[in-house]
Amino acid sequence: MRILTVVGARPQFIKAAAVSRELRKKPEVEEILIHTGQHFDAGMSDIFFEQMEIPRPDHRLQISGMNHGAMTGRMLEGVEALITDRKPDWVLIYGDTNSTLAGALAAAKLHVPVAHVEAGLRSFNMRMPEEINRVLADRISSVLFCPTAHAVSNLEAEGYRNLNVEIQLVGDVMQDAALFYKSRARRPESVSTYARDDLILATVHRAENTDDRERLTQIVMALNRLHRDQPVVLPLHPRTRKCLEKYGLKLDLHVIEPVGYLEMVWLLEHAQIVLTDSGGLQKEAYFFGRPCVTLRDETEWVELVERGVNYLSGANAESILSAVGRMRPVTVMDDDQLYGGGQAARRIAQYFV
């Protein structure tokens, strides 16, 4: 059994680390890893392969820094050539990035079955590039590995039970990674030693926030005000840095370079609360027992909002500040293993043998 895995962005490296570890336990499975280059610098890419002990990519396409259409097209071309050359039995894709869509399209056009990890998620906001990618990837996949019951329900509502596709509820592979790497957490060199619950961890990178001057201005205002009373640590995404410079906005808080996964785990363990527009970090906050304020108007992880451990604040400064006050005292517990309890990667690997 030969599986060609396509990754390109930070969350996919984390997910692939968990699944690849389980696939390597199967002598009958050969995995070929393709890195599209979507996240290309050492802070967003190489450090994850080093820290998480993921085998080095067999192929690097080095495609980044373009508009969505150009990037996806170049990735499609590159992945298609590798599928033709390596002749995999399956193409394995993760999440909702341009790399995800390119891998799915290339495989489907060559009649190679596609397995989509983290299938069935929906924000119901088609202005998000990620929503377009995940909907299209689901539709041309042969097996859909769903992280939650909500994701399964979304697919059922869209009629997937009537299509020639398998729907598997496996849990979330990011929880597998969180549990595996928790003991290896390390403090970022640029961050002072904080006691547990001392800081606020924030991340901002979604195009809906960074590319909108007013939304980004409001988020910056809120973070700066929070930092007056409690340290706010923000690993700054390259896209966000460019937009801050473009709009002339200044962050008066603890800004650091993007960090590896082990450093992010340390920050999560020392945070009192998490503010983010990242889908992955909403879940990681939950895995580490931290309440979350999501700087968006909707989320794919609706079960966290329903449980009261995640709050959608939007991008208004006053709403963000109010949400932080509301969420700070919330206790987060995973008593019923909402995301599978760390068994998702094993279930996915077992499917292929």
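Tabulated data
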| quantity | calculated |
| --- | --- |
| Per-q log10 I(q)/I(0), the range 265-344, q = 0.12, 0.15, 0.21, 0.26 Å⁻¹ (Debye; single scatterer per alpha-carbon; no solvent) | -0.30, -0.47, -0.92, -1.36 |
| Antiparallel bridge percentage (DSSP; both residues within the chain; nearest 5) | 0 |
| The range 183-327: translational diffusion in µm²/s, Stokes-Einstein, Kirkwood Rh over Cα pairs, 4 °C, 1.567 mPa s | 86 |
| Gain upon complete extension [Ile140, Asp252; 0.36 nm per residue less C-alpha separation] | 35.8 nm |
| Burial ordering of His111, His68, fewest other beta-carbon atoms within 10 Å first | His111, His68 |
| From the coordinates shown, volume of the Cα convex hull per residue in Å³ corresponds to which of (i) 134; (ii) 124; (iii) 142 | (ii) |
| Candidate aspartates and glutamates - alpha carbon under 16 Å from Lys283, same-chain residues fewer than 8 apart omitted | Asp96, Glu118, Asp172, Asp176, Glu269, Glu298, Glu300, Glu303, Glu306, Asp334, Asp335, Asp336 |
| Binned Cα-Cα distance frequencies in the range 298-347 - 5 Å width, integer % | 4, 17, 21, 21, 16, 9, 7, 3, 1 |
| GNM flexibility winner over the chain from Phe180, Phe288, Phe13 (Cα, springs under 10 Å) | Phe180 |
| The range 293-340 and the range 183-250: distance between their alpha carbon centers, rounded to Å | 18 |
| Span per principal axis, largest first, for the Cα atoms of the range 2-169 (Å) | 40, 40, 30 |
| Distance histogram in 5 Å bins (all Cα pairs of the range 105-173, percent per bin) | 4, 18, 29, 26, 17, 6, 0 |
| Rough spin-label spacing in nm, given labels placed 7 Å along Cα→Cβ, for Asn224 and Glu53 | 4.5 |
| Gained length - Arg213 relative to Thr193, 0.36 nm times residue gap less alpha-carbon distance | 3.8 nm |
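FYI, it's all coordinate maths here, none of it is from the lab. Every value quoted in this text rests on a predicted model; they were computed, and no experiment measured them. Backbone-built Cβ (ideal geometry, glycine too); neighbour counts: all protein chains shown.
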